[in-house]
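Worksheet for the structure shown next.
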Ligand SMILES: Nc1ncnc2c1ncn2[C@@H]1O[C@H](COP(=O)(O)OP(=O)(O)O)[C@@H](O)[C@H]1O
Ligand SMILES: [Mg+2]
């Protein structure tokens, strides 16, 4: 079996706070893996490791057949070109038009003719349903459209895998359902592998082929959506039903984290 992404026994602590604890999972080509968990459980930290932004204390990450901790900076750069990332806030450049945002990776990483850049940019905007929007500024479009522009930009270099950090953040349920449909289409029609980090349970079940349920830096359960749905782990069950009653305690943030936020 060839896995696009394989993670083995990943561990990371910030000070005395263990944020990732023996995290292991893998993703097959073309599939959608959803990493589900409450705020603060370590999802974004995990994503940052998967794209080589953070280094783990222990463990292994194989992305597109490469052991990312062993790569030299320029090799990691090369690998990142095959990876699309949609950040929580879409992270568009506000001083650039929609089209310039989507074209940005093409100008940065590929030596292409301006004509080709324009064509590819239009194809990517078409893919996310935003044909004809290239001359608008980010301030002129809605939050859901910004996410789609961010996705078009993430797709600019034809990635083999796309990472999504909370694609539903700040979106209404209907717009989120549309983003979910796009993620499904990219997987089913183009064979793009997806890793989606979210706390939105409905969205997770709409798109997931496989699920990893995280809590307090650990994996509580993983498997197909039906396996997760029928889990008898009380924390998984509480999360599924979104109930305030159950074993999940109110989380106390560490003093070290508070200090790091205050600089
Ligand atoms: N740079 C950091 N320094 C110290 N602690 C951090 C840092 N980043 C994250 N954390 C801690 O790790 C926990 C997980 O954070 P994060 O991965 O952002 O969670 P999630 O994305 O699931 O909401 C947070 O609750 C926080 O306590
Ligand atoms: Mg997060």
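The values are calculated or read from the model by the stated rules, or taken from the named source; none is laboratory data. Computed from a predicted structure; not experimentally measured. Every residue, glycine among them, receives a Cβ derived from its backbone with ideal geometry; neighbour counts consider all protein chains shown.
Could you check how many residues of the stretch 24-71 are assigned to a strand (DSSP E or B) and within 16 Å of the chain's Cα centre (by Cα)? Number satisfying all stated conditions: 11. Starting from the stretch 32-55, keep only residues that are farther than 17 Å from residue 248 by Cβ and in contact (Cβ under 8 Å) with a residue 24 or more places away in the chain, then list their pairs with residues that are near ligand 2 (Cβ under 10 Å from one of its atoms) and part of a helix (DSSP H, G or I) whose Cβ atoms are within a distance under 6 Å, requiring at least 6 positions of separation or different chains. Every condition considered, the pairs that remain are 35/43; 54/48. Considering 204, 177, the condition of being away from ligand 1 (no atom under 14 Å from the Cβ) and modelled with pLDDT of 90 or more is satisfied by 177 alone. For the criterion of being surrounded by 15 or more Cβ atoms within 10 Å (Cβ to Cβ), touching a residue at least 24 places away in the same chain (Cβ under 8 Å) and away from ligand 2 (no atom under 16 Å from the Cβ), residue 68 fails.
Filtering 86, 76, 106 for residues that are within 16 Å of ligand 2 (Cβ to nearest atom), closer than 20 Å to residue 160 by Cα and modelled with pLDDT under 95 leaves a single hit, 86.
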